[in-house]
Structure formats: structure tokens, C-alpha cells
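Colleague: Pasting a structure below so you can have a look.
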Amino acid sequence: MNAVFVCFTGTGSTKMVCEAAAEAFRAQGGDARIELLRADRPAPDLSDADRLIVAFPVHGFNAPAPVLRYLKSLPASDGGVAYLLRTSGEPLSLNDAAVLAPARMLRKKGWRVAGDLHYVMPYNIIFRHSDGMASRMWRAVLARIARDAACIAAGEGSLPAVGLWGRTVSAVCRIEHPAAPLIGRGFRVTQACIGCGLCARSCPQGNIRMEGGMPVFGGSCAICMACAFGCPKDAVRTGILNGWRVNGGYDFGAPPASDREVCAYCRQSYLRYYHRAEEDTRRTESLTDGA
Ligand SMILES: Cc1cc2nc3c(=O)[nH]c(=O)nc-3n(C[C@H](O)[C@H](O)[C@H](O)COP(=O)(O)O)c2cc1C
Ligand code: SF4
Ligand code: SF4
């Protein structure tokens, strides 16, 4: 059994989850590899894939445009088994609408879409979560990942039911797809830039070129935020999104936020998400103890 994770990631969170899932898959006796969707890499060869897992961060209650472009060019399959794996900054069910277009496109190509795996990971835009929140999110991922990998191997799972409200919000927010290249044209760097080129190397779209030792932004931005997030000097200014800029990685090994420390924004929703994952761990541990 070979699982191929085709992963679009901006700031690395979706890739982290894919790596944990691939490791769990291998621990259960399968093979797994991760193929990053990047402009500088060829389309992945799926000829040996028993399971295709298309992984992406939710962007504006949708899959990012590069993911949809990839699915459009995906070769037809004769009933291959596919999953969607998504990360998002908050656990709201509005994010479920992000599976609609990718699931439809996969089915059109002959894949059986067996399930959707949704993990909450810290925001890379809008505001910065605390390291404690990031750490608790990561623990929730680890609590679920072995069971989710087993589901993938067994071909089990389900897709969320998305209501009219979710579909409408998602359809309106899809404006992000044509808007992203225009917004990206407004990105600039400040005097703090040291010309290290990290932003250019990390851009999955190949949208940044170094000219005279300084980054210049082109017209294929997918507003993944890798450049602004990863800049060691916080020198990237993201045009009209600058007020939502988040810079610097999270410490996933920090002491996890207690229930009381969970951020006020969508608090109940985060608590439900964490408690469900933690309950799963307790159940698995008691099954293991009883075995
Ligand atoms: C342009 C953009 C739009 C986003 N929209 C949403 C959203 O609609 N809902 C949400 O929960 N998180 C949203 N996020 C947060 C990301 O989904 C989240 O931080 C994700 O884990 C980032 O994954 P990555 O590091 O693999 O890029 C958005 C992030 C970006 C950059
Ligand atoms: S990562 Fe930051 S410091 Fe390095 S080249 Fe890009 S903008 Fe400049
Ligand atoms: S320019 Fe920055 S935000 Fe746009 S795709 Fe590249 S790394 Fe992502």
C-alpha cells in the first residue's frame, strides 16, 4: 500500500501534518511519500499511488488556486482512491466548503473521494496565535494521526455535508483566486531586507526573483504568505493585506495552552476541537491498556 501526499503549503503547516501522516502510514507497514506542489517541480508521478491524498491550507473557505489548477491537469484514474487533507486556522465548519471544488474535480477525473481530513493549525495571516495554542493544535494532530492513517489505508472515511450558507460564503470568497496575483503585485520589501533570498527560495509559485540582491514580486502570487512569514528581518510588506501580516515561526513544542488560555476568538469551537482529539487519545490509550 503506497500513499502519495500531493501537498500545497505556504508556511509549512500542511506539510508538517502530511509528514506526520506519512510517518504514521509507514509505522503501519505502508509506504508513503510527499510531493510538494511547486512551480519549480514537475507534476508528481502517481502511477504507483494506491492512495492519493491532496493536501492544502484553506484559503478564504476554499482550496488555493494552485491546487485547483493541479487537479484540472490531473490524469484520469480508473477508480483510484483519493482523500482530501486540509489545514485551517480555525475549526469553524465554514471551512468545510473548501472540499467541494477539489472533490468535484477528482470525481470528474474518475477518482473515488473516500474522505476528508481536517486539522487546525496556527494562522499564518490575520493574527498570530500564541505558541501555546500552536502546541495544543499540534498535539491534537498527533492524537488523531495514527487513526486517520489507518482509515486511509482501509479506504474508509467521509466528506462533510456543506449547507447553503457555507456554499455561499465560499463562493463569494473565491474572489481571492483572481485577486491574489493583483494583491501580490503590491508586495514590497523595506530597508530591513538583507537580500538573503529566503523569500525567493520559499515561494511555491516561483513569484519572487532577486534583482540586484533584492526581491522583486511578479504576477503569480497565491497569497500563501511564505515570504512574509519566513523573512528573518520581517521586511516583506504585503500590500493591502499588510495589517494581517504574521511573521516568524511557531514553537510547537511550547507548553500547550490550557482551556483558560484558549484564545477568545472562536473559543468554543477550538475547545470542542481539542477536547474531541484528546478524548480520542484517552479512548485509544484505554483500548491499548486493555489489550
Ligand atoms: C490567504 C489565506 C486565507 C486563509 N483563509 C482561511 C480560512 O478561510 N479559514 C481558516 O480557518 N484559515 C484560513 N487561513 C489560515 C491557513 O489555512 C492556516 O494558517 C494553514 O494552516 C496554513 O497552512 P500552510 O502553512 O501549509 O500554508 C488562511 C491563510 C491564508 C494565507
Ligand atoms: S527573506 Fe526577507 S531579508 Fe531575505 S531577501 Fe527576502 S525580504 Fe529580504
Ligand atoms: S510571493 Fe509570497 S505570498 Fe505570493 S506566492 Fe510567493 S511566497 Fe506566497
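The values are calculated or read from the model by the stated rules, or taken from the named source; none is laboratory data. Keep in mind that this is a model prediction, so the values were computed, not measured. Neighbour counts are summed over all protein chains in view; Cβ atoms, including those assigned to glycine, are modelled from backbone coordinates with ideal geometry.
Per-residue answers, yes or no, for (1) more than 14 Å from the chain's Cα centre (by Cα); (2) among the β-branched types (Val, Ile, Thr):
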residue	(1), (2)
Cys18	no, no
Asp31	yes, no
Ile34	no, yes
Ser73	yes, no
Gly80	yes, no
Leu85	no, no
Leu94	yes, no
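Colleague: Here's something else I'd like to know. Residues of region 230-273 being within 20 Å of the chain's Cα centre (by Cα), part of a loop (DSSP other than H, G, I, E, B) and under 19 Å from Arg139 (Cβ atoms), which ones?
Modeller: Gly249, Tyr250, Asp251, Phe252, Gly253, Cys266
Colleague: Still on this structure: For region 71-95, which positions are more than 15 Å from ligand 1 (Cβ to nearest atom) and part of a helix (DSSP H, G or I)? Step through it out loud before you land on a result.
Modeller: So the first thing to find is which residues in region 71-95 are more than 15 Å from ligand 1 (Cβ to nearest atom), and the list is 71-83.
The answer is Leu71, Lys72, Ser73.
Colleague: Considering Ala39, Ala49, which residue is within 16 Å of ligand 3 (Cβ to nearest atom), aliphatic (A, V, I, L, M) and either assigned to a loop (DSSP other than H, G, I, E, B) or closer than 18 Å to Ala161 by Cβ (or both)?
Modeller: Working: Ala49 fails: within 16 Å of ligand 3 (Cβ to nearest atom).
Just one listed residue meets the conditions, Ala39.
Colleague: Within the bounds of region 216-237, is there any residue that is of a type in the set (Lys, Arg), within 12 Å of ligand 3 (Cβ to nearest atom) and at pLDDT 95 or above?
Modeller: Yes, the conditions are met somewhere in region 216-237.
Colleague: Would you check if there is a residue in region 218-231 being among the polar types (S, T, N, Q), in contact with a Gly (Cβ under 6 Å, 6 or more places away or on another chain) and outside the structural domain of Gly12 (by TED's automatic domain parsing)?
Modeller: The first filter runs over region 218-231 and keeps only residues among the polar types (S, T, N, Q), leaving 220.
Keeping just the survivors that are in contact with a Gly (Cβ under 6 Å, 6 or more places away or on another chain) gives none.
Looking through region 218-231, none of the residues is among the polar types (S, T, N, Q), in contact with a Gly (Cβ under 6 Å, 6 or more places away or on another chain) and outside the structural domain of Gly12 (by TED's automatic domain parsing).
Colleague: Let me ask something else. Using the structure shown, decide if Arg33 is within 12 Å of Phe5 (Cα to Cα), basic (Lys, Arg) and in contact (Cβ under 8 Å) with a residue 40 or more places away in the chain. Step through it out loud before you land on a result.
Modeller: Working: within 12 Å of Phe5 (Cα to Cα): yes; basic (Lys, Arg): yes; in contact (Cβ under 8 Å) with a residue 40 or more places away in the chain: no.
So Arg33 does not fit the description; no.
Colleague: Does region 192-207 hold any residues that are of a type in the set (S, T, N, Q) and either in contact with a strand residue (DSSP E or B) (Cβ under 8 Å, 6 or more places away or on another chain) or within 10 Å of ligand 2 (Cβ to nearest atom) (or both), and which are they?
Modeller: Ser202, Asn207
Colleague: Could you tell me which of the residues Phe56, Phe61 is on the phi > 0 side of the Ramachandran plot, away from ligand 2 (no atom under 16 Å from the Cβ), within 15 Å of the chain's Cα centre (by Cα) and among the aromatic types (Phe, Trp, Tyr)? Before the answer, list the steps.
Modeller: Values: Phe56 fails: on the phi > 0 side of the Ramachandran plot.
Of the residues listed, the single one that is on the phi > 0 side of the Ramachandran plot, away from ligand 2 (no atom under 16 Å from the Cβ), within 15 Å of the chain's Cα centre (by Cα) and among the aromatic types (Phe, Trp, Tyr) is Phe61.
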